[in-house]
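Taking it in order: structure first as structure tokens, then the write-up.
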Amino acid sequence: MSVVLSVRDVVKTFGPVRAVDGISFTVQRGTITGLLGRNGAGKTTTIRMITGVFFPDAGSIEWLGSERDARDRIGYLPEERGLYRQMKVKEHLLFLAEIKGCRGSSVAPSAERWLKRFELWDKRDAKVEELSKGNQQKVQLIGTLLHDPDLIILDEPQSGLDPVNMLLVRDLLRELKEEGRTILLSTHMMAEAERMADDIILIHKGKIVLSGGLDEVRNSFGRNTLQIDYEGDGAFLEQLPQVKRAMIVNNGAELSLIDGADPQQILEATMGRLRIRRFELAAPSLEEIFIEQVGAETMESIR
Amino acid sequence: MSKMLAVIKREYLQAVRKKMFIFMTLFFPVLMAALFIVPSLMVAKGLGGKKVAVIDGTGALRDSFAHHIEPAAPDPKKALSGGNRGQLPQSLDVEYADAHGQSDLVKTSKPYLDRLYLDKKSENGLDAVLVIPSNAFEGSDARMIFYSRSSTDLFTQERLASVANRSIQRQRLTGRGIDPNVVDTLTREVPFDSVQLSRSGQQKKGSEANFIIGFIFAALLIIPSFIYGLETMRGIVQEKSERIVEVLISSMSPRQLLTGKILGVAAVGLTQVTVWLSLIAAVGAFGAASALMAGFDISQFLRPIVFVYFALFFILGYLTFVCIYAIAGAACNTDKEAQQLVAPIQMVMMLPWFIMFAIITNPDSPLSVALSLAPVYGPITMFVRTLVSEPPVWHILLSIAVSIATIAVFFYVTAKIFRVGILSYGKRPTIPELWRWTKVA
């Protein structure tokens, strides 16, 4: 695997705030890298430095493996919609390709293909403002792909999408990855990152708190997480002495255990109170890890 | 370069498709012309015919106040060319009342004065009443009194006073046994034409027509600059507020973006001027229909070179303004903030418009010359000077050079502020902060 992008010790301050405080990572060709963190962690600022919107105050961002102008190698989907409301859909797509140095006429066929795939072909001459939020998001997404970028940077790509479109985007990302494209996916939806990402970078308060391959990261936390599916009222699980933290949802719980706890004792505690359908000792989910790493103190401060 | 072209193309196409552009291009000159010409035509055509009553204490002036006083200058052309100022062709419907021998003129005039309050359209309504005292011929302290509802009705007042005085003088002279025909011959007034001599030796007639044309062209020059400047500002604010700018700046440098935008807007302006000048040329070729309508010969006031100057100074003024508005757009996050920031600047930029009267009437005064050579004010002032006068060539060249330099400096500063401001989503910066931005980027 080869490195496409190398970010080294970048710093960006806004007045007294160090939004990004010495971040370093590399992005491997043909992978999906998840850039994770809470709102305001520094994800978007990091992305803006990569896309050249901001200059870093310190550190360097290096592009490897191609002579193309760095700006043209990126396909960037900003977090908020960034489209001219008054422009027509197809016209807008060609404009987005043209500002990446492509000729409008050369990308027109692929624009047509994408619009058809996203069921927007019959809206090609509608003004952007006439589209629903989800459809605007799809237009924007097509706009990030038309110029055949090496690195696709998606900032919260699923915001505003319904479940069907979310699936569409998920399939698309897999497909792009299979084509050998590199994707940097910024999100605060851990479940989504867990499904998609090969590598993760977890940012908190402008610093990387965790990074590496997804499995590697998860396994490094050991198998101290119990995943239980059941019937009955599982609220009491949180009160068990062996449980450090519990996430309880309808008929399911993810329990993170204190060091040295014996899962067997928990199984015994559930006897007679819950009807167990699944009982598994596993590596923690990304969400669990996320809360472990950055959420605990915040939770404390909220309580 | 191709990226910049994409921006130019987008800006241009988006702008010329707007209804505003089509309106401005096709109807604005007509509207402006109508705005200035129609009122004078209305006056000229005597649409404001007045009903007046004359209470004559001497009882000897009946002949002069015939039932209807025809316009003194029935030809609108003469009226507009300003030969007889204050004698616009306005007809007066006179109701004559012989009050000879009435001891109390005030009492006699009372019913007439009451009729001043009647509705103008009603049969008996009056616009003015003139009371001539019985001792008008001999009394050294005799005074006529003019009553009207509007103190600004100077035309009627002057006309009536002039007719009454001529008539009184005539009566005095004939009273001394002079033949009325001789009196008429001796007291005949000689009308005059005003002629402006220009350096090129051409003669131009008529200051009032110049005045109207000056205002029309000044409006054509300045109003689109404001409108498209505002449009540019709104466009930039929109790009910021809808985060389009992130996509743009991740694809090209801010300088490329700004250059593309300004060139795009400039192309829009050029299109507009081209259409306008073609329209004017078409009208001209069509036999100056509008000129005939207005009752004067346009070529008398407009030299062909003026159109070249118009295109030139239009573009210079336009680009200056667009740069100023682009700065405001880049510095602010909402239309409202941006409006607040430009409002005072706008007032300052409007200065030549506010004193347009002084510039047109005194195109070669030190004030006019100074403004025409100053940054920002240069294009419009200089153009108006070339329109109503013939300034020295070096004035024109210097003004053009100053404008180009101004635009270059503005562009440089705008690009800097754009770089910093376009991605600052915080509160609106103060002027000192803006100044700092120009240094950091």
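Residues that are modelled with pLDDT of 80 or more and in contact with a Phe, Trp or Tyr (Cβ under 8 Å, 6 or more places away or on another chain) within segment B:10-48 comprise B:R10, B:Q14, B:A15, B:T25, listed in sequence order.
What helices (runs of 4 or more DSSP H) completely inside segment A:61-148 contain at least 2 residues that are among the aliphatic types (A, V, I, L, M)? Explain how you work it out, then say what you get.
On the way: elements: A:70-73, A:89-98, A:104-117, A:133-145.
Correct list: A:89-98, A:104-117, A:133-145.
Residues that are more than 27 Å from A:L173 (Cα to Cα), modelled with pLDDT of 85 or more and surrounded by fewer than 17 Cβ atoms within 10 Å (Cβ to Cβ): does segment A:24-38 have at least one? Can you show your working first?
Going through segment A:24-38, the residues more than 27 Å from A:L173 (Cα to Cα) turn out to be none.
No, every residue in segment A:24-38 fails to be more than 27 Å from A:L173 (Cα to Cα), modelled with pLDDT of 85 or more and surrounded by fewer than 17 Cβ atoms within 10 Å (Cβ to Cβ).
Counting only helices (runs of 4 or more DSSP H) that sit completely within segment B:343-396, those holding 1 or more residues that are among the β-branched types (V, I, T) and crowded, with 22+ Cβ neighbours inside 10 Å correspond to B:356-361, B:378-388.
Quick one: is A:T13 at pLDDT 90 or above and assigned to a strand (DSSP E or B)? No.
Restricting segment B:133-175 to residues that are at pLDDT 80 or above and charged (D, E, K, R) leaves a set whose member that is nearest to B:L113 (Cα to Cα) is B:R143.
Scan segment A:230-243 for residues that are in a strand (DSSP E or B) and either of a type in the set (V, I, T) or surrounded by fewer than 16 Cβ atoms within 10 Å (Cβ to Cβ) (or both) and jot them down. Steps first, please.
Going residue by residue through segment A:230-243, those that are in a strand (DSSP E or B) are A:230-231, A:243.
Hits for segment A:230-243 are A:E231, A:V243.
For segment A:63-98, taking the residues that are within 26 Å of the chain's Cα centre (by Cα) and of a type in the set (A, V, I, L, M), the one that is surrounded by the fewest Cβ atoms within 10 Å (Cβ to Cβ) is identified as A:L64.
Can you pull out the residues in segment A:63-76 that are within 9 Å of another protein chain (Cβ to nearest Cβ) and within 20 Å of A:V20 (Cα to Cα)? Give the steps one after another, and end with the answer.
Applying the first criterion (within 9 Å of another protein chain (Cβ to nearest Cβ)) to segment A:63-76 yields A:71-72, A:74, A:76.
Answer for segment A:63-76, where residues must be within 9 Å of another protein chain (Cβ to nearest Cβ) and within 20 Å of A:V20 (Cα to Cα): just A:Y76.
Of all the criteria given as (1) away from chain B (no Cβ under 13 Å); (2) free of Cβ contacts under 8 Å to residues at least 12 places away in the same chain; (3) closer than 26 Å to A:G30 by Cα; (4) not polar (S, T, N, Q), the one not satisfied by A:E98 is (1). Which of the numbered conditions does A:E119 fail, given that it passes all the others? Conditions: (1) over 23 Å from A:L184 (Cα atoms); (2) modelled with pLDDT of 90 or more. For A:E119, the exception is condition (2).
In this entry, A:K123 is excluded by the filter for residues that are in contact with a Phe, Trp or Tyr (Cβ under 8 Å, 6 or more places away or on another chain) and more than 10 Å from chain B (Cβ to nearest Cβ).
Residues of segment B:250-270 that are in contact (Cβ under 8 Å) with a residue 12 or more places away in the chain and either under 25 Å from A:A70 (Cα atoms) or not assigned by TED's automatic domain parsing to the domain that holds B:G329 (or both): B:S251, B:M252, B:P254, B:R255, B:Q256, B:L257, B:L258, B:T259, B:G260, B:K261. Within segment A:68-96, the set of residues being modelled with pLDDT of 90 or more and more than 30 Å from A:N39 (Cα to Cα) comprises A:M87, A:K88, A:V89, A:K90, A:E91, A:L94, A:F95. Per the listing A:V7, A:V17, the residue uniquely of a type in the set (V, I, T) and either under 18 Å from the mean Cα position of the chain (by Cα) or away from chain B (no Cβ under 14 Å) (or both) is A:V7.
On the stretch given as segment B:364-374, residues that are of a type outside the set (A, V, I, L, M, F, W, C) and over 12 Å from B:P352 (Cβ atoms) total 3. Condition check for A:L35 on (1) in a helix (DSSP H, G or I); (2) under 16 Å from A:E156 (Cβ atoms): one failure, at (1). Contact map, segment A:281-294: first residue in contact (Cβ under 8 Å) with a residue 60 or more places away in the chain, second residue of a type in the set (A, V, I, L, M) and assigned to a loop (DSSP other than H, G, I, E, B), Cβ cut-off under 8 Å, separation 6 or more or different chains; pairs are A:V294/A:A41.
A single member of A:A253, A:A269, A:A261 is assigned to a loop (DSSP other than H, G, I, E, B), without any contact (Cβ under 8 Å) to a residue 40 or more places away in the chain and among the aliphatic types (A, V, I, L, M), and it is A:A261.
Taking the listed residues A:E156, A:E192, A:E175, the one that is among the acidic types (D, E) and farther than 22 Å from A:T46 by Cα is A:E175, with no other qualifying. Every residue in segment B:6-26 that is among the hydrophobic types (A, V, I, L, M, F, W, C), at the interface with chain A (Cβ under 9 Å from one of its Cβ atoms) and surrounded by fewer than 19 Cβ atoms within 10 Å (Cβ to Cβ), please. Hit for segment B:6-26 is B:L13, nothing else.
Residues in segment A:25-62 that are among the charged types (D, E, K, R), away from chain B (no Cβ under 14 Å) and more than 16 Å from the chain's Cα centre (by Cα): 2 in all.
The values are calculated or read from the model by the stated rules, or taken from the named source; none is laboratory data. Source: prediction; values computed, not measured. Don't worry about glycine lacking a Cβ; one is built from the backbone with ideal geometry, like all the others, and counts go over all protein chains shown.
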